[in-house]
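> Okay, handing you the structure first.
Values in this text are rule-based calculations from the coordinates and carry no lab data. Only a predicted model underlies this, so the values are computations on that prediction, with no experimental measurement involved. Positions of Cβ are backbone-derived with ideal geometry, glycine not excepted, and every protein chain shown enters the neighbour counts.
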Amino acid sequence: MRDFHKPGRSAVFATNGICATSHPLASKVAVQMLEAGGNAMDAAIAGAVLLGFCEPQMTGIGGDCFVLMTPPGEDRVIALNGSGRAPAGIDAAALRAKGPVIAPYSADAVSVPGAIDAFCRLSKDWGALGLKAVLAPAIHYAEAGIPVAPRVAFDWAQSVDNLSGQARDMFLLDGAAPKPGQMFRAPKQAEVLRRVAMDGREGFYEGDVAEDMVASLNALGGTHTLDDFADTACDYTEPVTGGYGGLDLFEHPPNGQGATAILLLNILKHFNIAGMDPWGAERAHIEAEATKLAYDTRNRFVADPAYMTRLDYMTAPETAAKLAALIDPAKAMPGHVPGAEAVHKDTIYITVVDKDRMCVSLIYSVFHSFGSGIASDKFGVLFQNRGAGFTLEEGHPNEVGPGKRPMHTIIPGLLTKDGKPYMPFGVMGGQYQSTGHARFVTNVTDFGLSPQGAIDAPRCFAEGDVLNVEDGYSDSVKAQLSALGHNVQRPETAIGGAQAIMIHDDGVLEAGSDPRKDGCAIGY
């Protein structure tokens, strides 16, 4: 139980249905869908699409999504890959001639948006209300406007320089980022959603909207064609799984980085995490070292599933054991993790559980803040820059190529207990997400924290040669980490955000929502 003398957030309990998101308006709309007779899928899609206007720097209809779900009354976990592909005309050699990496704020980094196709498919296969009803709230708020929330305004101001051309007119007010409480409207995108509501995926991937997107990208040097958009299709896939602390973790398979979270937990099994101070230097150090090793593995192998051949290797206990042996409890390794070679020879998240206990764990993003910073000329579709997730290294499984899906950082999570759905959850924060999943799971299992407590807890993240440490850690712990050789820095913003819903044995639902964001959990 939290200390009520201190600022904090209580868990939200309900029995009929519950939703947790990073914006209260999206949570409200999701629950309204449930109250109107919709199910968790209807609620998740309605809330997610609306978040594209509540938090346009994080996500939008020009982005991708990944979904984990359990059908009502069933224990099986289903995965859907709603990530788009590189255009058929992309050329790795031509991009290498431009520089060592794909320019993130260019048409070269724009992969075809996959989320709308996924939402249409999920609505048809699993929804109860239909697209017209599900998209109506987002259409309304895109036209009427939404007051900008405080954390959104902070992120927006940090990302102004990412925007170019038409996108600056759309997302800036009088040339500046909006302040908290100012209204944001996106009437052009409302028109796109109206067409999707009427015509399904064809309203986005064919006709006027597709022509506008292709022409806008071609004008900036993109190789995209109408066929690239028309051919976009999501895929149902098999989740990857791993166990920790009596729970089974289901992750989305590659091209997402979910296998990295499983590898991280497998490494942590070699240490007595539960015997450590949960907010002490020892745990933070071991987690940081495990993160370096797991992410090094990710960067070598995770790619489009048609090109990735080492998934079993990544999730094998033997791989984790060899990596764990490289960790020195008394000394930090540099970011380039010496010795690993021998072994290897911005986002929104929404979760909903309904009265029939259908669980949806959905993550939806444009990658960098405001994605590529490019918006289409006529309809104002803001394009993601997921293509920046490719490498230009020749022969690498994640090398950019025609029709390939890039490696993704966004991952939904779902925990089961004794074979039954137990807790859909997700952690936002770009690269942090695999570490965030592992930390959330260990907070719950090793330290017995509630979903809200596990989310509230302080975070640290080893990225490159820096260990970002939130203010929730004491100065003493930061000094100890520095003494171990970590380059400790205070991140400019809090690390990530998270949402989670726990299904208790008696059927009561308990949700937690991250105070690092503007959102909340709502149930009924």
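> How big is the charge dipole of the stretch 320-466 about its Cα centre, in debye rounded to the nearest 20, if each Lys and Arg gets +1 on its Cβ and each Asp and Glu gets -1 on its Cβ? Could the numbers behind the result be given before it?
On the way: 13 positive and 14 negative charges, 80 e Å.
Here the stretch 320-466 has a charge dipole of around 380 debye.
> Figure the gain on full extension for MET183 and ASP277 (residue separation times 0.36 nm, minus the Cα-Cα span) and round it to one decimal in nm. Present the calculation step by step, with values, prior to reporting the outcome.
Values: separation 94, 0.36 × 94 = 33.84 nm, distance 4.46 nm.
Gain in length upon complete extension: 29.4 nm.
> Please list 3J(HN,Hα) in residue order for the stretch 244-250, calculated via the Karplus relation 6.51 cos²θ - 1.76 cosθ + 1.60 where θ = phi - 60°; whole Hz, with x for glycine and proline.
Whole-Hz 3J(HN,Hα) from phi for the stretch 244-250: 7, x, x, 10, 10, 9, 9.
> Follow-up. Hand me the GluC sites (Glu not before Pro) from the stretch 380-483 located in a DSSP loop with no more than 12 other Cβ atoms within 10 Å, in residue order please. Can you show the working numbers first?
On the way: sites: GLU393, GLU394, GLU399, GLU463, GLU470; in loops: GLU393, GLU394, GLU470.
The qualifying sites are GLU394.
> Using alpha carbon coordinates only, what is the Rg to Rh ratio of the chain, with Rh defined as the Kirkwood radius? Provide the component values of the computation, followed by the final result.
Details: Rg = 21.6 Å, Rh = 22.8 Å.
Result: Rg/Rh = 0.94.
> While we're on this one: Collect residues whose amide H, placed 1.01 Å from N in the peptide plane, falls under 5 Å from the amide H of LEU129; neighbours closer than 5 in sequence don't count.
Placed amide hydrogens put ASN39 under 5 Å from LEU129.
> Rounded to the nearest 20 debye, what is the charge dipole size of the chain about its Cα centre when +1 sits on each Lys and Arg Cβ and -1 on each Asp and Glu Cβ?
That gives a dipole near 560 debye.
> Can you flag which of LYS322/LYS420; LYS355/LYS417; LYS124/LYS517; LYS132/LYS420; LYS188/LYS517; LYS292/LYS420 are past 21 Å Cα-Cα?
Values: LYS322/LYS420 32 Å; LYS355/LYS417 19 Å; LYS124/LYS517 31 Å; LYS132/LYS420 33 Å; LYS188/LYS517 27 Å; LYS292/LYS420 32 Å.
Result: LYS322/LYS420; LYS124/LYS517; LYS132/LYS420; LYS188/LYS517; LYS292/LYS420 exceed 21 Å.
> So, R0 is 56 Å and r is the distance between the beta-carbons of ALA321 and GLU35; what FRET efficiency does that work out to, to 0.05? Kindly include the intermediate steps, with their values, before the conclusion.
Working: r = 50 Å, r/R0 = 0.89.
Working from the Cβ atoms, E equals 0.70.
> Between the stretch 210-273 and the stretch 417-462, what's the alpha-carbon centroid distance in Å?
19 Å
> Sticking with this one: What's the exposure ranking of HIS252, HIS5, going from fewest to most Cβ atoms within 10 Å?
Values: HIS252 29, HIS5 6.
The order, fewest Cβ neighbours first, is HIS5, HIS252.
> Sticking with this one: Subtracting the Cα-Cα distance from 0.36 nm times the residue separation, let me have the gained length for PHE13 to ASN218 in nm, one decimal. Each step should come with its number before you reach the end.
Values: separation 205, 0.36 × 205 = 73.80 nm, distance 5.00 nm.
That works out to 68.8 nm of additional length.
> Restricting to DSSP H runs of at least four residues, report the calculated mean residue ellipticity at 222 nm for the chain, -39500 (n - 2.57) per run over all residues, nearest 500 deg cm²/dmol. Don't skip to the answer; put the middle values down first.
Numbers: 19 runs with 186 residues, N = 524.
The helix-only estimate for the chain comes to -10500 deg cm²/dmol at 222 nm.
> Then there's this: Can you give the FRET efficiency to the nearest 0.05 for ARG195 and GLN489, using r as the Cβ-Cβ distance and R₀ = 41 Å?
Numbers: r = 46 Å, r/R0 = 1.12.
The value I calculate is 0.35.
> While we're on this one: Can you list the HN-Hα couplings for the stretch 65-79, worked out from phi with the Karplus curve (6.51, -1.76, 1.60; θ = phi - 60°), rounded to whole Hz and with x for Gly and Pro?
Here the 3J(HN,Hα) series is 8, 10, 9, 10, 8, 10, x, x, x, 10, 9, 6, 10, 10, 10 Hz.
> Next question. Counting other Cβ atoms within 10 Å, keep those with at most 12, restrict to DSSP loop, and tell me which trypsin sites (Lys or Arg not before Pro) in the stretch 19-128 are left.
Numbers: sites: LYS28, ARG76, ARG85, ARG96, LYS98, ARG121, LYS124; in loops: ARG76, ARG85, LYS98.
The qualifying sites are ARG76.
> Further question on the same structure: State whether the stretch 260-311 is rounded, prolate or oblate according to the following rule on the C-alpha gyration tensor (a ≥ b ≥ c being the square roots of its eigenvalues): a/c under 1.5 gives rounded; otherwise a/b larger than b/c gives prolate, and the remaining case gives oblate.
Values: a/c = 4.13, a/b = 2.74, b/c = 1.51.
The shape class here is prolate.
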